[in-house]
Every structure is written in structure tokens, then in C-alpha cells.
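Remarks on the structure that follows.
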């Protein structure tokens, strides 16, 4: 299917252009909901966001919508209900239409440090419209309320124009994504097992809209994500924190052991030094390297996004392969050690070092855990310390690489070029982060999964300056619509 | 002077025994003052504590007492006044009496974690009387309000009994000790320079009551303290914290560099690995080692105090030498890294590793700083990281070793044995911690300085379970009194 063959109605794209202001208002309303899933004190806000989303669907004529309860959050007393799934079914008229499952999430990250970082726009939940309307600043703007509103915009345009959607859509919007998607996997498995009776009956392909372009200028389609294995190193010494003047050089200090162990995990150049971890990943073939080399990515893109020249390589191919096809190890912090201003002279007695490894195939948490644990056990033994040390696997997820040659990707490719033009043919990317739901869908439904991003590389999801470019929001809405038409038109045989 | 020759009146020691309850009430009142100097929001409480102390002196007939203002705390806007010095002069009748300068402090550490650690006594400022009256639990009980109240008890006993004190006393009670004694050194220097017009006119010796016994069972006299040099390693990478999924293996991560640098500083066995630091300290002579071996200290004392078997050596001599005559290096924490529960996958972008080195002669901050800085600069260069790294010296103090053969120590030794008995002759100790004021007094006044502790090794100063044993409080009060009589009687020629 060539781009010209994407049968997206001009009326649709024109409607989107003409209703930009209303669409931004919709996003403003969405951002105003304080749907922080990781902080139980905001749970009411998260759950009200679900209700609001459902009311939006109904207002747009989608009557087949439900709020799915997932039970209580584990380890809460008194019980705290999980955020609901919002589902909605839109059926295209006529027989034999394809059915696409669309996934996104309406919960967001906390807003620590936002006011300091944005003195002009101190309220993260009040969408700021900056730079002559070009930038939409606010928590959740790009992760993941922008994409969700994009889908509502598509529905609205069709309702307003009185034209039918070209495919059936099953919307599944989640409210616990920023909290490990508690309860989601089970529900997906159960519904999938119900077959024709379940929510996923008839689904032909899956579209996840919860990621970002590789750069600030070129759209992307994403066919893989890294997995993750999250670890703690717990070290315990004395019964309480101790005064370093009195006990310094009398006892084994947990921090001394901790920095030595953490220092053994990874080189400054990013090479993981836990034996066996790097060796598991085959070196890239010349062909494969060529594919990464072709990606429209420059060292300057990284410098712009991070605001500093701290790249591991001067070669853009190395950089994108570092993110996409190699594992990485990051040390996040040490819980229980002194983390404030001032000159406290304490010997912390019980500390927990946190690090995670992003995994690529054939790495799995299962085959990584024993390598990490036995290596650290051995290194700790060498220290000859009387402290107690334990390595704990805290959780993780598998890496995923989908089939980027599938018609699902072809449709998205055509839709993207139809909207952005052929000079902006999408990058085919893998994500460095972990989007476990992609693999969950693929496993449960045995259908192709596509990641179709709306935002750009510099959006700063999770950060204290999250934004979405208006252009991405509006063109993204058009791409979503065009994708439905491309799906409808594409030959699947 | 033998013990029997300490002319301490029986009436005094009897009075102390008979007024135990009132003395504990006095400490209870002192502890109830929230005199946390390190937190500006408590500054009013600190300053009111000074006023209360002065009123106590007056109530006990000491009319020559002043509150000395030290100006505003640096870098405060609006200005915040420093806590006052409380001075009091007590003159013995007659000519040719010796004059002793007594130093202590009335400010205390913050109380983070106290309620969790003491569910039965959750209020750190409400002195708990536990274990059938044997233990006094509360913030400041041993550091340093117990000793201060001990001195007030001595004054009260003499006033009540109508007997004169045997020596002149100059009391100097400070309220910023837990905040680096801001303003104190300058004031001491100025007053010392005034000579006969100054506060220190006629002072013959100095007694600092702000430390602890080496063990739980034997009194101590302290003739040395370690110095300290406090450092930060500041590492900066990207502009903001970054998502490890997206940027892991694309950029140099500050935490990776940090743990490598911190890991180079010290071995798990306590040996400092910064070249030149250990080499500066001469090995102990056989004689010296013998002196430390004679100290009444057991490995089990350390295990009891720390609640764990994490000692660096099975040899008690090594342990006490580790505290007293060797330098030590402790890593306190990393500011700016993830220090909470949960599995945040952030790459911290700006972090500050904190460590300090306790110094012994001939080490000084001045000769240690270049060793630490050039070593870390060199190690960082080896990492070939594009992050920015800077070593910052945050402050410190010189080590001090006084003359333990001086009559000031002889008097304290005799007083201690007069109260505790000859089987509990005091340990002569050096402190692992830093009490800079000892060296300041010695330098400014050129007089012998004695550290005369009241509390025991397991008191947990600064910790969330600070206590003072009632026995130490009461016997300590008697020792303070007996020390004055011993000073009066001793031959100083």
C-alpha cells in the first residue's frame, strides 16, 4: 500500500486542524486530573479520572463502555481500590471489518520538584501553553494523556462529521501503569481465555500509544522494548546508625562495602561487568549495524535532550544500539544513607543499594538473577566483612521484539507518511525502556503489537518539565485516524 | 595527692544522694527544652534555653552571669540570631584560689526517627525514667544537658549547705555546638586577647564535660581527640534526572562514577587507601601499644554498644587504637540519589558523595586536602567520563593531644577514685570524635585542657535512643564536685 492509497478523508484532517483549540482544552482538562497512581493519597483523583474518561466516551456517542474494577491494592489496610480499567468498544458498520485494540494509560507520575523547575508554571496540573502556543507543559501531557486525548479527538471528529469509523476499535485505558500495572496482566489473561466471550474477541492487531519518537523531528514506529531486572543490595551492620568519630575504624561500615559492590557492576563506559551478562548478547551483524546506522539520529540529538555533552560515544550508531540492542545497568541510589544538606557524620547501619539492568533478548530476569546474585555474593566474600549482605531481586519484565514487517506496521507506516510526508518516513526503533504490556498482549492474544508514539524525544516524561508539542498532538491525532483507514485498506493476506 | 587526700566534704556527697529526685527533675526540665541548633525553626527554643539556664544560675545565687550575643547566623535572610553563650562566674572566698574554666553545651541534635525507635517513649523531649529509675531516656540527656545539670547540682548543693566552693569557676555554656560552634572561636580569641579584662582572666585550667567513658563500667579521663576533614565529591551529568530505560547506555551516569570513586577511598578493614594518608601516622611503639592494651576494653563492649558483631579485629588493643590513634574514613551518603522506598528507575544527574576522615597528629585538614583531592582527580581521570567532578573540602578541625600528666588530670583522677573507688581508676583515653573546642581553649589560653566525661559508652548521643544512666548522673555530679576540691588541694608546682 503506498501512501497515496491511505483513504483518510480530507474532512477528517480538516476537522482536526480547525478544532485545535478545543482539542487543547480537552488535554487541559485531562491534565488537571491529579491521577498519580503511585501515591495512595491521590487514588480518589485517579479513580475520578476513569469516571471522567468514561463520561467523555459517552458524550462522544460511545455507549459500550465499562469501568472494570481490579480489586484492592495489595498490602493496603484499610483496603485501597486499584484504579479501574476504562474499556470502550466502537464498532464499524458492516461485516468483515478489522478490529484494533488500542492501549494507553491515564495515570501519571508524581510532581516532585515541578514548582522549582517551572517558576512560571508552578502547577503541574494546570496545562501551560508556551512559546506562542507551540508547547503544552504539564504532568501527563505526553505520558500518556496526550495520546489518550488524541484517540478521543479521532472519535469526536467522526461523530461531528457524521462519518463511520473504518475499523472496529477496542479501547483499553489503564490507571495503574506508573505503578507496575497492578492487576492488568491477570485481567488480560482472563479475558483472552474467554475467547469469543471476552473483551478481546475478534482483535486482529494491537496498537500501544505510550512511547516517543527517537528524535525531535522524525516519527517513529517501535517494534521492541528492553526488559528489566531490578535489584537491591541490602547491607546491615550495627543495630543503629553510629557516630563516625566514636566507631570509625572499629567496625565494618556498610557504606564502605556498598560502594565497593556497586562499583563492580558496570564501567563508566556502560559495559556491564557482571560476568556472563554481556556475553549473552550476540554481537550485531554488519546488516544489523547498518540498520541502526540508518536511523535519523545524531549525537547532537542526545546532547539536546539531556542538556549536556555526556554521550558514551561520538558515533550515533553506537548510541542508538546502546539504547536499543544492548543491555544497560543503572545505579539509582542508596536507601538509608544520608541524603540531605549538611555535614552529618553518621555511619549508616542499614542500607539498600538500588540498581536495575535493562535486558535484551535472550536475556530474561530468570537467567540474569543467578549471574548477578552469585557475582555479588562472591565479591562480598572477598571483602571479608562482618556485615550482612543480601542481594534481592525486586521485580522485572521480559524484553520484547515484535515483527516490524507485519501489515500492522505497514499500515502505521503508510499513515505516518500520509500525514507527515514521505521525507519523514518513520524510524523503526526499539525502546530502551520497558513497556511490559506489549509482550503481555502479544503472548495473550498472539497478535501483532505495534507501538505508535505521539510525543518527541525531548518531552521529558516523568521529569519535572514534561511537555507535549502542539504539533505532535495535532499531527498525532491525524496519524491515529489515518492509521485506522490504513488498517482498513491494507491487504492482510 | 592520694585519693584519701581529696578533701570533698561528706555533706556534699550526702546532699547529692538525698536530692537525686530533684536533680532528675532538673534534667527533665532541661531535656524538655527543644534546643535543636541545627534547625533554624527551633532557634527560639534554643535561645529560650539560654535564658532558662541563666535564670537557674541566678536562682542558685550566681549573680555574675551574662548572655553573650554572637550575632546573626551566616547566610540567613531575614537574619537569624545565633544562640547565646551563657557565662557565669563563681568566685571562691579568699585569695589565691585556683580558677577553672568549665565548658559544656545546651543545644542538641534533631530527633528524626525517635518515635519509631521508642514506641513507649515517643517524645524525645519528655525525659523517660526507665528500668526502675536506672535509665534516663531523652534527647540531650547525655549530650550535653546531663553534665550541665551536674554542674548546677554542684552549685545548688553548696548553696543549700551554706559552704563555699573551693575554687573559682568560670562557666561557659554554648548553644551552637551541634552546628559547628558558629561564632565561638572568635569570641574565645577576643576574650583571651583582653587578658585581665577578659572573661578568661586568671583561668588556670580547663575542664570540658562533653564526652563519654570508653566502656559502660569504668570512668575515663580524655586527653586527646581526633580531628576531622569533611569532603564532598560532586558529580554532574545531564541537565535533569533521566529515565534509565531511555538513556541507559547512552550517557555517562554520575552514580557509576561516584561509587567507583568512593570505592577507592577505604578498604572494608578500615585501611584508608588514599596514598599518603596512612603513611603520615607513625606506627605505635611497643610502649604505646602496651598503654592501649591496658585499657579496660573488651571486644564484647563494642558488640554491646553497637548491637552487632561487626568489629574490625578480635583484639581489643587494635580496636581502641583504631578509634584513638589511627585515622578513619567513613562514607556518609550520597545527596541527590534515590533514597526512598520503591523501584524508581531514574538516573540521578547531580549527586554529592559525602565522606569524612578523622585525623590524628600529625595529620591536619591542610595536609590531607591535597592528598584526597589529587588522588580523586587522578582516579576520576582514569574513568574517562564526560561527567563533571569536583572534590570539595567542606570543613574540619585539627586533632588534639593534651598533657595527661598535668595536675589538672591528677586532680580529676583523684576525684574520680574518691567517688568511684580505687578499683575503678579512670581509663586515660583519646576520643575518636572531634571536640575542636579543646584545641581552641588550649591554643587561646595556653592552659591544660581536660575532658571529664559523665556518660557511658552506650549512651547513644545523637542517636534516636539517647540516654544517661542515673548512676552516671549522680556519681558524675559528685565527681564534678570532688574535682573542684582536688584542684584546690593539689600542688601545682
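Values quoted throughout were computed directly from the atomic coordinates according to the rules given, and no laboratory measurement underlies them. The model shown is predicted, which means the values in this text are computed figures rather than measured ones. All Cβ positions, glycine included, derive from the backbone under ideal geometry; neighbour counts span all protein chains shown.
Among B:469, B:126, the ranking by other beta carbons within 10 Å of each residue's beta carbon, starting with the fewest, stands as B:126, B:469. Sorted from shortest to longest, the distances between the residue B:424 label points of this copy and the other copies are 8.3 nm, with each point 7 Å from Cα along the line through the beta carbon.
Shielding by partners for peptide A:387-395, expressed as the average number of C-beta atoms from other protein chains within 10 Å of each residue's C-beta, is 1. Could you give me D for the stretch B:189-229, from Stokes-Einstein at 4 °C and 1.567 mPa s, where the hydrodynamic radius is the Kirkwood radius over C-alpha pairs? Units µm² s⁻¹, please. Taking Rh from Cα pairs, D becomes 97 µm²/s.
Within the stretch A:426-481, all pairs of alpha-carbon atoms sorted by distance into 5 Å bins from zero give the percentages 4, 15, 20, 21, 22, 12, 5, 1. For the stretch A:128-150 and the stretch B:43-115, write down the distance between their C-alpha centroids in whole Å. Rounded to whole Å, the Cα centres lie 57 Å apart.
Shape summary of the stretch A:291-447, radius of gyration then Dmax from alpha carbon positions: 21.1, 66 Å.
The angle separating the long axis of helix B:20-32 from the principal Cα axis of greatest extent in chain B is about 40 degrees. Maximal additional length on extending the residue B:446-residue B:159 stretch stands at 100.1 nm, based on 0.36 nm per residue less the C-alpha distance.
Restricting to Cα pairs below 8 Å that are 6+ residues apart, what does the relative contact order work out to for the stretch A:126-279? Please round to a whole percent. Taking the mean separation of contacting Cα pairs over the length of the stretch A:126-279, I get 10 percent. Gyration tensor analysis over the Cα atoms of the stretch A:265-367 returns equivalent ellipsoid semi-axes of 32, 20, 9 Å (largest first, whole Å). One decimal place: the segment residue B:41-residue B:300 gains 89.2 nm when fully extended, by the rule 0.36 nm per residue minus the C-alpha distance. Counted by neighbouring Cβ atoms within 10 Å, the residues A:300, B:413 run from fewest to most as A:300, B:413.
Taken over the stretch A:332-388, the percentage of Cα pairs per 5 Å bin, counting from 0 up to the bin with the maximum distance, is 4, 13, 16, 21, 17, 13, 10, 5, 2, 0.
Normalised by 2.2 N^0.38 Å, where N counts its residues, the alpha-carbon radius of gyration of the stretch B:1-132 equals 1.34. Taken along its principal axes, the alpha carbon cloud of the stretch B:1-66 reaches lengths of 50, 27, 24 Å, longest axis first. Using a cutoff of 8 angstrom between alpha carbon atoms and counting only pairs six or more residues apart, the relative contact order for chain B works out to 25 percent. Rg of the Cα atoms in the stretch A:59-168, relative to 2.2 N^0.38 Å, amounts to 1.40. Shielding by partners for peptide B:349-361, expressed as the average number of C-beta atoms from other protein chains within 10 Å of each residue's C-beta, is 3. With the simple model of a label 7 Å out from the Cα in the direction of the Cβ, residue B:289 to residue B:422 spans 3.2 nm.
Entry note, chain B: the mean residue ellipticity at 222 nm calculated from DSSP H runs of n ≥ 4, each adding -39500 (n - 2.57), is -10500 deg cm²/dmol after division by the residues and rounding to the nearest 500. Here the stretch A:74-113 has an Rg and Dmax of 17.7, 52 Å, counting Cα atoms alone. For the stretch A:89-176, averaging the sequence separation of C-alpha pairs within contact (under 8 Å, six or more residues apart) and dividing by the residue count gives a relative contact order of 52 percent. Here, the stretch B:381-430 yields an orientationally averaged convex hull projection of 7.3 nm² when only Cα atoms define the hull. At 4 °C and 1.567 mPa s, grab the translational diffusion coefficient of the stretch B:94-143 from Stokes-Einstein with a Kirkwood Rh over Cα pairs, rounded to a whole number in µm² per second. Result for D is 96 µm²/s. Quick check on the stretch A:41-105: take the gyration tensor over C-alpha atoms, sort the square-rooted eigenvalues as a ≥ b ≥ c, and tell me if it's rounded (a/c under 1.5), prolate or oblate. Prolate.
In this structure, residue A:132 and residue B:81 have a Cβ-Cβ separation that, at R0 = 35 Å, corresponds to a calculated FRET efficiency of about 0.10.
Computed across the stretch A:162-206, the Kirkwood radius stands at 12.3 Å (inverse of mean 1/r, all Cα pairs). Principal-axis analysis of the Cα atoms of chain A puts helix A:146-161 at an angle of about 10° to the longest axis.
Temperature 20 °C, viscosity 1.002 mPa s: under these conditions the Stokes-Einstein estimate for the stretch A:392-493, based on its Kirkwood radius over C-alpha pairs, is 139 µm² per second.
Taking the stretch A:315-349 and a reference point 7 angstrom along Cα→Cβ of residue B:369, the backbone N atoms nearer than 18 Å belong to A:343. Inter-chain Cβ neighbour count for A:109-116, averaged per residue, equals 1 (cutoff 10 Å, partner chain atoms only). Shape analysis of the stretch B:244-316 yields a ratio of the Cα radius of gyration to the Kirkwood radius, Rg/Rh, of 1.21.
Relative intensity of the protein assembly as shown on a log10 scale, I(q)/I(0) at q = 0.10, 0.11 Å⁻¹, equals -1.09, -1.23, per a Debye sum over C-alpha point scatterers of equal strength in the absence of solvent.
Going from the fewest other Cβ atoms within 10 Å to the most, the residues A:13, B:66, A:49 appear in the order B:66, A:13, A:49. The C-alpha atoms of chain A define a longest principal axis, and helix A:184-193 lies at about 50 degrees to it.
With its label point put 7 Å out from Cα toward Cβ, residue B:133 sits 8.3 nm from the same residue's point in the other copies, in order from shortest. Note on chain A: Cα Rg divided by 2.2 N^0.38 Å, N the number of residues, gives 1.03.
Label zone (residue B:239, point 7 Å along Cα-to-C-beta; backbone nitrogen cut-off 19 Å) within the stretch A:454-487: A:455-472. The convex hull drawn around the Cα atoms of the stretch B:94-228, when projected onto a plane and averaged over every direction, covers 11.6 nm².
Taking label positions 7 Å along the Cα-Cβ direction at both residue B:390 and residue B:341, the computed distance is 3.7 nm, reported to one decimal.
Could you give me the percent of Cα pairs per 5 Å distance bin for the stretch B:189-295, shortest bin first, beginning at zero and ending with the bin that holds the maximum distance? Whole-percent P(r) values from 0 Å outward: 2, 7, 9, 10, 10, 11, 10, 10, 9, 7, 7, 4, 2, 1, 0.
With its label point defined 7 Å out from Cα along the Cα-to-Cβ axis, residue A:493 lies at 12.5 nm from the matching points of the other copies, in increasing order.
Over the stretch B:303-348, what portion of Cα pair distances is larger than 16 Å, expressed as a whole percent? Summing the P(r) of the stretch B:303-348 above 16 Å gives 62 percent of all pairs.
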